[in-house]
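K.L.:
Below are the structure tokens for one structure; questions will follow.
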Number of protein chains: 2
Amino acid sequence: LDYQHVQVPFEITLWIMLASLAKIGFHLYNKLPSVVPESCLLIFVGLIMGGIIYGLNDRSPPVMDSDIFFLYLLPPIVLDAGYFMPSRPFFENIGTILLYAVVGTIWNVFGIGFSLYGICQVKAFRLQDVSLLHNLLFGSLIAAVDPVAVLAVFEEIHVNEKLHILVFGESLLNDAVTVVLYKLFRSFCEMPTVKSVDVFAGVGKFFVVGLGGVLVGLSFGFTAAFTTRFTKDIRVIEPLFVFLYSYLSYLTAEMFHLSGIVAIISCAMGMKRYVEANISLKSHTTVKYFMKMWSSVSDTLIFIFLGVSTIGENHEWNWPYICFTVIFCLIWRALGVLVLTFFVNRFHVNTITSKDQFIIAYGGLRGAICFSLVFLLPDFHRKKLFIAATTVVILFTVFVQGMTIRPLVDLLAVKRKRESAPTVGEQIHIRFLDHLLAGIEDISGHWGQYYWKDKLEYFNSKYLQKILLREYDQPKSSIVLLYEKLERKHAIELAQAGQLGHGPAHPSFLSSSRTVITDQKLEDAPNPDVLDNMQEILARNLYRIRRTGPAYNRHTLPGDSEPTEQAKEILILRHKSL
Amino acid sequence: LDYQHVQVPFEITLWIMLASLAKIGFHLYNKLPSVVPESCLLIFVGLIMGGIIYGLNDRSPPVMDSDIFFLYLLPPIVLDAGYFMPSRPFFENIGTILLYAVVGTIWNVFGIGFSLYGICQVKAFRLQDVSLLHNLLFGSLIAAVDPVAVLAVFEEIHVNEKLHILVFGESLLNDAVTVVLYKLFRSFCEMPTVKSVDVFAGVGKFFVVGLGGVLVGLSFGFTAAFTTRFTKDIRVIEPLFVFLYSYLSYLTAEMFHLSGIVAIISCAMGMKRYVEANISLKSHTTVKYFMKMWSSVSDTLIFIFLGVSTIGENHEWNWPYICFTVIFCLIWRALGVLVLTFFVNRFHVNTITSKDQFIIAYGGLRGAICFSLVFLLPDFHRKKLFIAATTVVILFTVFVQGMTIRPLVDLLAVKRKRESAPTVGEQIHIRFLDHLLAGIEDISGHWGQYYWKDKLEYFNSKYLQKILLREYDQPKSSIVLLYEKLERKHAIELAQAGQLGHGPAHPSFLSSSRTVITDQKLEDAPNPDVLDNMQEILARNLYRIRRTGPAYNRHTLPGDSEPTEQAKEILILRHKSL
């Protein structure tokens, strides 16, 4: 037996296997996940495992290594989040998100830090040795809302898109602020005296860290898109580039002390559109599938490790400090959301309701990022207190808030996500309104989001697409793309129906006598009949266009066999109908 | 700048990126890969990179770590090889393959070892201090034909299936023999005296290592298949299990000093059939795609590393020893193939021609396995000589043999792989013959391969399928499966043709007037018209069966809307034809 030799890969594989099996286990019992969020269950599994390890070895189980977390577990989740980020609501609310992420986080850090410092002054609690700087440092790590925890809970409760993107966007973008504040206070703790110039330098760093991350991410994203232009002959390694470049963007950003999360999100959002157009359909399925798979495993591992790391002896249970931390986290977040939303609502027509505000405040879950940051703290005599407080805050937010948020959403009747995708009519109207508003903004000299969106789209189609796309022909309108997707989906369904022998072999010919409904739910519509109908109309119209098309086209010759084929078709159709 | 922090993942990502970009680069110039095998180009890239590193640092570039090779780079390639192994030719020739792999390798080891020992006795060469055991140890590592190198070259030259499987199967299965002999001689080298009981124990180990690998692999493979029964609700982690279980089988085998290569191949071959039936189509695309991608990257990295590691100062250039090693490798392999094939041909009707024998002998490429094994040798004063000899043998076989084998195959007019897949008629005949031969063998009491295949198939459908498959209904015949696959493919093509506006929207209706050709090439047939034709016939027939079916079926009600839909269809068709 030579265990040493294979130990590292063997144990990694076993951990991943455990995580996957735990996931399967939960899904075998359908009732459990509908009551308790999966994250809670996984932490619970981790707690049990930690207990077993503790019981067997009689010493603390290994804690999650911060390096492993930041270098290997976090990137897949953030990549997945960035790649599948709904870009329209994100950019529509980018101002609000940034306000919450930057101002809100700073508010929370200082609020929690100063109030905890106040608590430390109470003699009965025996905390006088915790300095203001240490409290601020603790505040900076405990204030960060965790994207992994937020995603795990909000994916299950299906609130409306705007609310979702506000909480989730904030949790992603506050990384830049947290990184800066955390590093700032940590270096202040190690400095003998803090000069005012250091404070100003810290403020300047916000912009460097955040914008630097965006720049690194975008440059890697565009390089990735450019690279996939040349993969036509070796389709099989296409998916690799998506992963390699986004991971490199994360590592590069981390290397230069920029925000890796911001970088990988920019990279994913920047490349997505071009990569999708360049790579084959199968490659794209693989990319999407693997991203989801990877992030889901990472997510599982993180929560299990959180549970395992909780067990042990590296905690100092000073309950006043811990309880007040939980209370201040709740209070300052609630206050921050109220105040910031007040200002946001003054400038927006589409305001954030008080119910939404409550969910935003309540959805501020803490998770593995805080946990990893607290372990990265330099050794000082009260580190174990901070670890204990962080652990309790995480468990409180994930268990109590995570488990009660769904009933609360039901109780408050928070506006849900609309189940159906926008109809074709709506899409056309939205597109039309975008152009209209861009025009109005241009005329009125107000450089708002529609103006910039229009300019960006122009820049994209004029320059970027020509450089980054392999077959740059002319941009397909999204309606044509939707039609293509539906046609493909339908074709596969058709083939499967034919295989199984259930449906008729060519259903699209059968539903013609139904009345034509133009403005129906298209994507993922519940009623397949309507889809068929829609498709048939499109198919018929396209056929006519194709048939009459070549006469108007200077660049293509009319197909040689076209007339014969038409004649044949008519012949066959007649033959069949008789 | 904090490079240390991200160094490990950053450098790994960069290496993979380099490998992928090199691959893209070669494929941009189509002419190069048709003359020089990709493996040679990659080694060349590696040599250049090694030269640069050597020039800049003025010390030897890092050699490929044997642990990295065996634990991380080799498994993906072998997994891919096992998963996509054509099982029919493999099992039909398993006897011959095992003979080459076991007896042939032993023959080569002792032949090369003893002849090199003879060379060492020549005083002029100054090699008298290399003992017989050391020569045998060297023989055991240099005799192993390398699956990675063989695959890289044979994938490009398209020889006939039998020849391909003989060389490739040998290269995979000789791992068990190489492992045993290598470890045996290495332990003998460290023992003061070698007793005869040790030699017998070594012989016994062959069976333990080989059969143990098969057992470990099959048990993990069946567990994997069993696990995928329960992934219906979380399709997204299905692909993971295929990778996790096969990797675990490799690691477990290595842990117990069994043959990891044999284990992972058994695992992949054992699970494939059941996993494919259990997981979704998209998961399966992801599995296949990722396996190919991973193995292709591993393969690229191995050859680049081979090149890089060649540069440096860890060589002792004793040319007589090196040259005689190359010569003996060639001679003993040629002799071995001749002698073994003589015996094989006496027992087979379908003999191995002398041209095939030549290609088998000439295709015995050495590669990264030898290279890793020679670096794993215990330190002794002539290790550098062995490293030099191994390097030269690898470069000679990969460059000289790898580059000349294609012209030789052309020159000798070796029977090529048939381009077309077997026709439906052929498939039916093969199936029929299998059953017939199984029956004949059963009656005559001769327990040959058909008899065992039949028994295995019975055991599979009676027990294994019921345990391992989720929806165990009744086995679909391969012809039905083929039809389903074609139908799906056709449907997608149809949709795409409709999208692009090139072809008519429903081409299957157009080709009806062509004459019906029943026995045509089906899978991957070059002529799409024939495919259409074939499919149309099947579709029409199925339609008729479906239409008349319900009357005879006790368990299904005739569809309510069926008659109306038929009427409608006729109406529409008539309407269209007018």
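The values are calculated or read from the model by the stated rules, or taken from the named source; none is laboratory data. This is a predicted model, so every value here is computed, not measured. Cβ sites come from the backbone with ideal geometry, for glycine too, and all protein chains shown count toward neighbours. These area figures cover heavy atoms from the full protein model, side chains too; ligands, DNA and RNA do not enter into them. Shrake-Rupley method; radii C 1.70, N 1.55, O 1.52, S 1.80 Å.
K.L.:
Which of the lysines could a cross-linker bridge to A:K384, judged by Cα under 24 Å and excluding same-chain residues fewer than eight apart?
P.N.:
Within the straight-line limit of under 24 Å, A:K384 reaches these lysines: A:K123, A:K183.
K.L.:
In segment A:269-317, what residues drop by 30 Å² or more in accessible surface going from the chain by itself to the full protein assembly, probe 1.4 Å?
P.N.:
A:K282, A:T285, A:T286, A:Y289, A:F290, A:M293
K.L.:
Rounded to whole Å, give me the distance from the Cα center of segment A:435-450 to that of segment B:289-311.
P.N.:
53 Å
K.L.:
List the residues, sorted by chain then number, that are 5 or more residues from A:R366 or on another chain and whose placed amide H is less than 5 Å from its amide H.
P.N.:
Excluding prolines and chain starts, which carry no amide H, the hits are A:D146, A:T397, A:V398.
K.L.:
Right, next: Within 10 Å of each candidate Cβ there may be at most 13 other Cβ atoms; applying that plus a DSSP loop requirement, which GluC sites (Glu not before Pro) in segment A:244-351 survive?
P.N.:
The qualifying sites are A:E313.
K.L.:
Still on this structure: Between A:I440 and A:D410, what FRET efficiency follows from the Cβ-Cβ distance if R0 is 60 Å, with the result rounded to 0.05?
P.N.:
It comes out at approximately 0.90.
K.L.:
Do any trypsin sites (Lys or Arg not before Pro) in segment A:191-286 lie in a loop, going by DSSP, with at most 11 other beta-carbon atoms within 10 Å of their beta carbon, and if so which?
P.N.:
A:K195
K.L.:
Continuing with this model, one more query. A:V159's amide H: which non-local residues (gap 5+, or another chain) put their own amide H closer than 5 Å, with H modeled 1.01 Å from N in plane and none for Pro or chain starts?
P.N.:
A:K417
K.L.:
Quick one: check the C-alpha center-to-center distance for segment B:76-122 versus segment A:58-73, whole angstrom.
P.N.:
Between the Cα centres of segment B:76-122 and segment A:58-73 lies a distance of 44 Å.
K.L.:
Calculate the spin-label point distance for A:I48 paired with A:N314, positioning each point 7 Å from the Cα along the beta-carbon direction, and give it in nanometres.
P.N.:
Going from the A:N314 label point to the A:I48 one covers 2.5 nm.
K.L.:
Which value, in debye to the nearest 20, gives the size of the charge dipole of segment B:66-158 about its Cα centre, when Lys and Arg are +1 and Asp and Glu are -1 at the Cβ?
P.N.:
Dipole size: approximately 420 debye.
K.L.:
Then there is this: Buried accessible area for the A:B pair, summed, 1.4 Å probe, in Å² rounded to 100?
P.N.:
8500 Å²
K.L.:
Okay, next question. I'd like the FRET efficiency for A:S60 and A:F399, computed as 1/(1 + (r/R0)^6) with the beta carbon distance as r and R0 of 30 Å, rounded to 0.05.
P.N.:
Working from the Cβ atoms, E equals 0.90.
K.L.:
Now a separate question. Between the chain alone and the structure with every protein chain in place, find the residues of segment B:237-252 that drop at least 50 Å² of accessible area; heavy atoms, 1.4 Å probe.
P.N.:
B:I237, B:L240, B:L244, B:L248, B:L251
K.L.:
May I pose another question? Please say if segment A:35-75 is rounded, prolate or oblate, where rounded means a/c under 1.5 for a ≥ b ≥ c the square roots of the C-alpha gyration tensor eigenvalues, and otherwise the choice is prolate for a/b larger than b/c and oblate otherwise?
P.N.:
oblate
K.L.:
Go through A:K31/A:K355; A:K282/B:K485; A:K195/A:K383 and tell me which ones have a Cα-Cα distance over 22 Å in this structure.
P.N.:
A:K31/A:K355; A:K195/A:K383
K.L.:
Quick one: with all protein chains in place, what share of the accessible area of segment A:22-141 is carbon or sulfur, to the nearest percent (1.4 Å probe)?
P.N.:
Whole-percent figure for carbon plus sulfur exposure: 69.
K.L.:
Related question: With +1 on the Cβ of every Lys and Arg and -1 on the Cβ of every Asp and Glu, and nothing else charged, how large is the dipole of segment B:106-237 about its Cα centre, in debye rounded to the nearest 20?
P.N.:
320 debye
K.L.:
Enumerate the calculated ³J(HN,Hα) couplings along segment B:46-56 in order (Karplus 6.51 cos²θ - 1.76 cosθ + 1.60, θ = phi - 60°), each rounded to whole Hz, writing x wherever the residue is Gly or Pro.
P.N.:
After applying 6.51 cos²θ - 1.76 cosθ + 1.60, I find x, 4, 4, 4, x, x, 4, 4, 4, x, 6 Hz.
K.L.:
In debye, nearest 20: dipole of segment A:1-152 around its Cα centre with unit charges on the Cβ of K, R (+) and D, E (-)?
P.N.:
Dipole about the Cα centre, nearest 20: 480 debye.
K.L.:
If you don't mind, there's one more thing I want to ask. Round to a whole angstrom and tell me the spacing of the C-alpha centers of segment A:370-395 and segment A:19-40.
P.N.:
Rounded to whole Å, the Cα centres lie 28 Å apart.
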